[in-house]
Amino acid sequence: MGALALGLVFLLGTALSSLGAIPIARQSASVFAHLASRSPGALGQLDALALAGVALYFAKGLCSYLQNLIMAHVGLRVVRDIRSAVFAAIQRQGLSFFARFRQGDLASRAVTDVTALRDAIVLGYSDLLPNVLVLVGAMSYIVWVNWHLALLTMLGLPLVGTVLTQFSTRLRRWSLAIQRQAADILTTMTENLATLQVVKGFGREDFEQARFDQANDRHFLAAFRGAQVQALQTPLVAFLQTSAIAGVLWVGGWEIYHGRLAVADLLAFGAAVGVSVDPVLAVSSAWGRIQQASGALARVFEILDAPQEGQDVPDAKAPDHCSGVIAMRDVRFAYPQGPEVLAGLDLAIHPGQITALVGPSGGGKSTLIGLLLRFYEPTCGEITLDGLALGQLKAGWLRQQVGFVPQDPVLFYGTIADNVAFGKLGASRQEIEMACRAASAHEFIMQLEQGYETLVGERGAALSGGQRQRLAIARALIRDPKVLLLDEITSALDPESEAAIRDSLLALRPERAIVAVSHRPAIVEVADQVIEITGGVVTRVEVRQLAPVAT
Ligand SMILES: Nc1ncnc2c1ncn2[C@@H]1O[C@H](COP(=O)(O)OP(=O)(O)OP(=O)(O)O)[C@@H](O)[C@H]1O
Ligand SMILES: [Mg+2]
């Protein structure tokens, strides 16, 4: 707030020093008259006049420099803060939110549209305000000097005003279209990069190029239409404005001829109209930019104002202790706008046991895991952890109790150690190593030249599928969770690694509930109960009395 007030001071300074040109022009008439008649002291007056002019423009330059500096600071800070708020709003959203927006679109809103907002702030404040002040000052002066002439000048104003409004509505319309097309380009681009291997493998580069060019061309057309409107705006306003000056000089000449106006007054008048030319142009273009920014603002607020899904209830609980007893009672669920995927599911999962989930592809196993993590809320029925409905628990607490290995394990760009420590921020090297040993990853990591400092590449692309899978397991194990949710964790593993991981699970079993989606005999054989899910319902439960497994 302090910075804005200071900015306002310099902004006033800039406006006042612009208006200073008027009295100087007025004074110059008499100074030149004195010079022409060689009256005593005329040269001194000339020095003073020149000095005043230089001082005035120095003051104007200084004020405008400081004002721009302050406004840039304010504007950039706003960009930083809004961007952070947009990112936070996206992070807080439930997963169904992301079915409505494409990734590139979200990214473009957070980056491009937020930048357009800064234009509104910087230009709105530092261009619009001082220029409006100068305009008001110059116009008041004009009225005070000679209101006949002033009336004539101001007749042009409503005309300019109408033209401006016309332009700004068009600009606003086009700017929205342009932002949208730009987001489309970004989306096409990011999607292409994410699927590059498939694109190349299927030889679909040309197809992708055509898809990209389509988005690119649409953006070009929209941007060019916008540019057409903008290009016309400035010369048109300038033409209107210069016509006004010509008219003033013409009528002023007549007034002087008939002895109704002093030359000094016409000079001052001309200066006043002169200093108003720039402001009219600046105001008109700033207005256009602000209109443009309001399009961007709408797109940013669509994210900021989107209802937050999957939020904690006001008095959400975070119990001190978690033992890991899970129950599902008549759970039904459908993805947004999709058919019912879970159709009345009942099951019980106990700590100290391994529960294997089996069943045909598309049966709903991964969906069930997602519900346990509260990625989505069931449409009907209840899921409880230690007897408390998941909806009554703090999502942060719930997920803290859970170690999760997704079916399609994703790693982050960074080192192996970073990726494993993602499960437990600030984990020591010893903890990381222990988790990797349990996940049967330590051996392959030690064979890498850089060991735990090896970079895994974008999304882990520098590793094999099985290696990625094992790191994802280590990432889940390092949390020492009360509930372990493992979705097809051994699908990419050789029998040896699979056996090693099975042994780790058996060692981990006593203190936690382990839910493993798997069809592999190595895992299913050691499970304490096997639950088959077909078409969203439990079709078979097999509870076993297990003999200890020889290791
Ligand atoms: N994000 C989603 N949006 C809409 N529908 C989905 C989504 N994810 C899964 N489905 C649908 O839900 C059903 C169950 O999918 P789910 O992934 O739970 O099956 P699954 O048992 O894990 O299968 P698989 O063994 O192949 O991994 C499928 O018919 C699928 O089409
Ligand atoms: Mg699945």
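Data table
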item: Calculated SAXS-style log₁₀ I(q)/I(0) at q = 0.11, 0.22 Å⁻¹ - the stretch 373-476, Debye, Cα scatterers; result: -0.41, -1.07
item: Top positive-direction residue, dipole computed over the stretch 1-95 with Cβ charges, set 61, 35, 49; result: 61
item: Rounded Å value of the spacing that divides the Cα centres of the stretch 3-70 and the stretch 246-288; result: 18
item: Lys, Arg +1 and Asp, Glu -1 on Cβ, resulting dipole of the stretch 204-280 about Cα centre, debye, nearest 20; result: 240
item: Solvent-accessible surface (1.4 angstrom probe) belonging to residue 167, in square angstrom, nearest 10; result: 30
item: Charged-residue dipole, Cβ positions (Lys, Arg, Asp, Glu), the stretch 453-551 about Cα centre, Debye nearest 20; result: 240
item: Charge tally in the Cβ shell below 10 Å around residue 544, where Lys, Arg are +1 and Asp, Glu are -1, residue 544 excluded; result: -3
item: Solvent exposure, largest accessible area first (probe 1.4 Å, DNA, RNA and ligands not counted), of 58, 97; result: 58, 97
item: Environment charge at residue 195 (Cβ cut-off 10 Å; Lys +1, Arg +1, Asp -1, Glu -1); result: 0
item: Charge dipole (the chain, unit charges on Cβ, about Cα centre) - positive-most of 101, 176, 499; result: 176
item: Residue 305 accessible area, 1.4 Å probe, all protein chains in place, Å² to nearest 10; result: 110
item: Average accessible surface area per residue within the chain, 1.4 Å rolling probe, Å²; result: 51
item: DSSP beta bridge pairing in the stretch 311-413, given as percent antiparallel to the nearest 5; result: 95
item: Residue 195 accessible area, 1.4 Å probe, all protein chains in place, Å² to nearest 10; result: 60
item: Residue-wise HN-Hα coupling along the stretch 511-517, computed from phi with Karplus coefficients 6.51, -1.76, 1.60 (Hz; x: Gly, Pro); result: 9, 8, 8, 10, 10, 10, 7
item: Prolate/oblate/rounded label for the stretch 198-315 (Cα gyration tensor, a/c 1.5); result: oblate
item: The chain - charge dipole about Cα centre, Lys and Arg +1 at Cβ, Asp and Glu -1, debye rounded to 20; result: 1500
item: Net charge contributed by nearby residues that have their C-beta within less than 14 Å of residue 121 (K/R +1, D/E -1); result: +1
item: Tensor-based shape of the stretch 301-388 (alpha-carbon gyration tensor, a/c under 1.5 rounded, otherwise prolate or oblate); result: oblate
item: Solvent-accessible surface ranking, highest first, for 284, 243 at 1.4 angstrom; result: 243, 284
item: DSSP-loop trypsin sites (Lys or Arg not before Pro) across the stretch 215-270, with at most 14 other Cβ within 10 angstrom; result: 260
item: Euclidean distance between Cα centres, the stretch 313-327 to the stretch 355-390, Å; result: 16
item: Inter-part distance where the stretch 173-201 and the stretch 429-500 are each reduced to a Cα centre, Å; result: 33
item: Whole-Å semi-axes of the chain's equivalent ellipsoid (Cα gyration tensor); result: 73, 24, 22
item: Inverse mean reciprocal Cα-Cα distance (Kirkwood Rh) of the stretch 469-543, Å; result: 13.1
item: Acute angle (nearest 10 degrees) that the helix 42-92 long axis makes with the longest principal axis of the chain, alpha-carbon atoms; result: 20
item: Where 365, 200, 394 fall by accessible area, highest first, once all protein chains stay in place (1.4 Å); result: 200, 394, 365
item: Cut-off under 5 Å, modelled amide H: who pairs with residue 358 long-range; result: 531, 532, 533
item: Gyration tensor (alpha-carbon) shape descriptor, the stretch 415-477, a/c threshold 1.5; result: rounded
item: Folded to 0 to 90 degrees: helix 21-36 orientation relative to the chain principal axis, Cα; result: 30
item: Extreme residue, positive dipole direction of the chain, given options 313, 352, 244 (C-beta unit charges); result: 244
item: Accessible surface of the chain, 1.4 Å probe, proportion on carbon and sulfur as whole %; result: 62
item: Kirkwood hydrodynamic radius of the stretch 57-200, from inverse mean 1/r over distinct Cα pairs, in Å; result: 19.4
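The values are calculated or read from the model by the stated rules, or taken from the named source; none is laboratory data. What you see is a predicted model, and the numbers here were worked out from it, not measured in a lab. No Cβ is skipped: glycine too gets one built from the backbone with ideal geometry, and neighbour counts run over all protein chains shown. Areas reflect the complete protein model, heavy atoms only, side chains present, ligands, DNA and RNA absent. Shrake-Rupley method; radii C 1.70, N 1.55, O 1.52, S 1.80 Å.
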